[in-house]
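**Student:** Structure in structure tokens, see below.
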Amino acid sequence: MSDSRPPCQCVLCHDYGDRDRMDNFLLRTIVHITQYGWSVVLVPGENDGPGWAYTLGLWHSHRVPELAMFGRDVYETEEILNGLGRAAAAGWRPADGDRRDDVVRGQAAAFRAADPRWYRALFRGVVDFYRVPPLPVMQVVWPDEDDLFPWQPGTELEFRHSQPWLWLHPRRHPAGRWTRHL
């Protein structure tokens, strides 16, 4: 019986001839993926903005999109992404436009497919690990205290800018803290 899953071109599945030159980040990530099925990469916030986190290995292990979350405490985000990773390992398949209840401290989350033109700037680990983008990355978007998502009427401007809108082409995204990474 053959595997009907799309092929994986990551550094675990394919030898690119540079395994002896991998940096500590990639080596540590490979250990996590081998042990747990995925890893969560934390990108700490800077003086003028929040950090973000993203998974690495969900595509390799489960053929589901990698997940990314922005604008919250990175350790809280890590916990949320690990919970979603466990759900993916149990069979859940996130899709663009989905909404899932009780993800972010009792609130829902929405899932939006990220435009691959953001990958090099925000998901360097995805590019380095898989080597053959574009692979699917899904943004986990959290709502405000009124359960409204950033694109919905009634949200405050500050909240609308607290997370990037990665489903937009970078040139269509409003300039600000997220586009400066480009």
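**Student:** Among the residues of the stretch 111-141, count how many are of a type in the set (A, V, I, L, M, F, W, C) and either farther than 21 Å from Arg72 by Cα or more than 13 Å from the chain's Cα centre (by Cα) (or both).
**Tutor:** The number of residues fulfilling the criteria is 4.
**Student:** Moving to a separate point now. Let me confirm something: among Arg105, Arg117, Arg112, Arg172, which residue is in contact with a helix residue (DSSP H, G or I) (Cβ under 9 Å, 6 or more places away or on another chain), farther than 23 Å from Glu46 by Cα and charged (D, E, K, R)?
**Tutor:** Arg105
**Student:** Could I ask something else about it? Out of the stretch 26-39, which residues are surrounded by 15 or more Cβ atoms within 10 Å (Cβ to Cβ) and over 14 Å from the mean Cα position of the chain (by Cα)?
**Tutor:** Scanning the stretch 26-39 gives Leu26, Thr29, Ile30, His32, Ile33, Tyr36, Gly37.
**Student:** Check whether at least one residue in the stretch 11-23 is outside any loop (DSSP other than H, G, I, E, B), basic (Lys, Arg) and loosely packed, with under 12 Cβ neighbours inside 10 Å, and report yes or no.
**Tutor:** Checked the stretch 11-23: at least one residue is outside any loop (DSSP other than H, G, I, E, B), basic (Lys, Arg) and loosely packed, with under 12 Cβ neighbours inside 10 Å.
**Student:** A further question follows. Suppose the filter is surrounded by 14 or more Cβ atoms within 10 Å (Cβ to Cβ), assigned to a loop (DSSP other than H, G, I, E, B), in contact with a strand residue (DSSP E or B) (Cβ under 9 Å, 6 or more places away or on another chain) and basic (Lys, Arg); does Arg72 pass it?
**Tutor:** So Arg72 passes the test.
**Student:** Something else now. Please work out which one of (1) among the aliphatic types (A, V, I, L, M); (2) assigned to a strand (DSSP E or B); (3) in contact with a Lys or Arg (Cβ under 7 Å, 6 or more places away or on another chain); (4) buried (at least 20 other Cβ atoms within 10 Å of the Cβ) is the condition Val64 fails and give its number.
**Tutor:** (2)
**Student:** Can you tell me which residues in the stretch 149-162 are surrounded by fewer than 15 Cβ atoms within 10 Å (Cβ to Cβ) and in a helix (DSSP H, G or I)?
**Tutor:** Listed by number, the residues that qualify are Leu157, Glu158.
**Student:** Enumerate the pairs (first residue in the stretch 78-104 and over 23 Å from Gly51 (Cβ atoms); second residue anywhere and in a helix (DSSP H, G or I)) with beta-carbon separation below 7 Å, excluding pairs fewer than 6 apart on the same chain, so at least 6 apart or on different chains.
**Tutor:** Listed by first residue and then by second, the contacts come to Ala89/His62.
**Student:** Now, a different point. For Phe123, indicate whether it is closer than 19 Å to Val43 by Cα, modelled with pLDDT under 95, surrounded by 14 or more Cβ atoms within 10 Å (Cβ to Cβ) and in contact with a Phe, Trp or Tyr (Cβ under 8 Å, 6 or more places away or on another chain).
**Tutor:** Against the criterion (closer than 19 Å to Val43 by Cα, modelled with pLDDT under 95, surrounded by 14 or more Cβ atoms within 10 Å (Cβ to Cβ) and in contact with a Phe, Trp or Tyr (Cβ under 8 Å, 6 or more places away or on another chain)), Phe123 qualifies.
**Student:** Test of understanding: among Asp96, Asp115, Asp101, which residue is over 23 Å from Leu168 (Cα atoms) and out of contact with any Ser or Thr (no Cβ under 6 Å at 6 or more places or on another chain)?
**Tutor:** Sole residue among the options that is over 23 Å from Leu168 (Cα atoms) and out of contact with any Ser or Thr (no Cβ under 6 Å at 6 or more places or on another chain): Asp101.
Here is a yes/no grid of residues against (1) within 24 Å of Met22 (Cβ to Cβ); (2) among the β-branched types (Val, Ile, Thr):
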position	(1), (2)
Leu81	yes, no
Val104	no, yes
Leu122	yes, no
Val126	yes, yes
Arg131	yes, no
Pro134	yes, no
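Rundown of residues vs (1) without any contact (Cβ under 8 Å) to a residue 60 or more places away in the chain; (2) within 22 Å of Pro94 (Cβ to Cβ); (3) surrounded by 13 or more Cβ atoms within 10 Å (Cβ to Cβ), yes/no style:
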position: Val127; (1), (2), (3): yes, yes, yes
position: Pro134; (1), (2), (3): yes, yes, yes
position: Val137; (1), (2), (3): no, yes, yes
position: Asp147; (1), (2), (3): yes, yes, no
position: Pro164; (1), (2), (3): no, yes, yes
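**Student:** Of the residues that make up the stretch 40-53, is at least one surrounded by 19 or more Cβ atoms within 10 Å (Cβ to Cβ) and not hydrophobic (A, V, I, L, M, F, W, C)?
**Tutor:** no
The values are calculated or read from the model by the stated rules, or taken from the named source; none is laboratory data. None of these values were measured; they are calculated from a predicted model. Here the Cβ is made from the backbone with ideal geometry for all residues, glycine too, and neighbour counts use every protein chain on show.
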